[in-house]
Amino acid sequence: MFFRGDLFQKSYTCIVTNKPALISILDSFHLNPEQWFWVILCALFVGMAKTGVAGIGMFIVPILATIFGGKTSAGILLPMLSMADVFAVFYYHQHAEWKYILKLLPSTVVGVLVGLYVGNIVNDQQFTFIMGIIILVGLVIMVWRERKSVQVAIPHNWLFSSAAGLLGGFSTMIGNAAGPVMAVYLLSMMLPKNSFIGTGAWFFLIINLFKIPFHVAVWKTIDINTFTLDLAMFPAIMIGAVLGFKLVKYIPEKPYRIFIIIATALAAIKLFF
């Protein structure tokens with residue numbers, strides 16, 4: 001666990017002495033060079049995932065969970081996702097379809113609260129296990145989408161929207177892994193590409209900001225130490241966002257998605273051992 005008793009002392013030192021305090025806080029995570037490589041790579045992928053390189057976000061969650069533990073990694077990842085959400089909203093905000101966002105929000109909030117309760121009563125090993133299950137279910141949904149060459153009739157009624165929101169809210173609270181669920185819902189609405197990205201960008205920005213107070217006050221997985229780590233990753237997130245804008249048109253879609261699915265499955269399976 002990475003939370004220290006001298007939290008406020010470090011905050012004061014950070015303001016007064018700046019660079020030494022930053023290094024001290026980052027050193028408190030006791031990461032080796034290989035782990036730092038993976039954390040920076042995940043931050044890069046966060047930016048890319050939020051600006052159109054679909055699927056890569058699923059790869060991030062199990063990697064960070066392996067390094068930091070299940071619940072702690074969720075708190076570390078959430079501010080990174082929120083930073084990247086801002087980039088995505090800035091670029092695609094005019095394409096959002098608000099009627100779908102407003103339709104999803106009530107049940108998603110309920111799903112987040114259910115996830116908050118479950119996460120508060122299980123230990124970290126159980127949390128990590130649930131996270132692994134959610135990721136694998138998400139991968140099954142991704143594979144199902146890949147194999148469907150024709151559109152499948154999906155109901156557009158209130159019950160379907162509520163179920164999608166509830167499952168998405170629970171998934172995003174436990175593992176920041178609601179992407180596949182939301183993708184299936186938004187694709188079923190027949191949204192064009194830019195509307196799909198813009199609607200998802202606004203939806204996840206709202207939900208991720210809604211989750212932050214719970215991570216701070218209830219789970220205590222976000223504090224000055226973890227947020228300092230997130231800020232240190234901001235340049236990588238920004239570079240990833242720019243790369244996402246530029247590369248999304250040139251990456252071969254099918255080989256890329258197959259690679260992401262296989263790599264994420266292997267990383268998720270590792271969470272069980």
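The values are calculated or read from the model by the stated rules, or taken from the named source; none is laboratory data. Note that this is a predicted model, so its numbers are computed, not measured. Note: ideal-geometry Cβ built from the backbone for every residue, glycine included; neighbour counts use all protein chains shown.
Filtering 76, 40, 67 for residues that are part of a helix (DSSP H, G or I) and under 12 Å from the mean Cα position of the chain (by Cα) leaves a single hit, 76.
Is segment 130-145 home to any residue that is more than 19 Å from residue 168 (Cβ to Cβ) and either touching a helix residue (DSSP H, G or I) at 6+ places or on another chain (Cβ under 6 Å) or surrounded by fewer than 20 Cβ atoms within 10 Å (Cβ to Cβ) (or both)? There is no residue in segment 130-145 that is more than 19 Å from residue 168 (Cβ to Cβ) and either touching a helix residue (DSSP H, G or I) at 6+ places or on another chain (Cβ under 6 Å) or surrounded by fewer than 20 Cβ atoms within 10 Å (Cβ to Cβ) (or both). For segment 97-109, a tally of residues being surrounded by 15 or more Cβ atoms within 10 Å (Cβ to Cβ) and part of a helix (DSSP H, G or I) returns 8. Considered as a group, the residues in segment 7-37 that are exposed (fewer than 11 other Cβ atoms within 10 Å of the Cβ) and part of a loop (DSSP other than H, G, I, E, B) include one that is modelled with the lowest pLDDT, and that residue is 18. Answer yes or no as to whether residue 51 is under 16 Å from residue 221 (Cα atoms), among the polar types (S, T, N, Q) and surrounded by 16 or more Cβ atoms within 10 Å (Cβ to Cβ). No. Just to be sure before I move on: is residue 186 part of a helix (DSSP H, G or I) and among the hydrophobic types (A, V, I, L, M, F, W, C) in the structure I sent? Here the answer is yes, as residue 186 does meet what is asked. Just one of (1) buried (at least 19 other Cβ atoms within 10 Å of the Cβ); (2) at pLDDT 90 or above; (3) under 22 Å from residue 46 (Cα atoms) fails for residue 166. It is (3). Taking the condition under 20 Å from residue 202 (Cβ atoms), modelled with pLDDT of 85 or more and out of contact with any strand residue (DSSP E or B) (no Cβ under 7 Å at 6 or more places or on another chain), does residue 172 pass? The answer is yes for residue 172.
Against the list (1) at pLDDT 95 or above; (2) in a helix (DSSP H, G or I); (3) of a type in the set (A, V, I, L, M), the condition residue 222 fails is (2).
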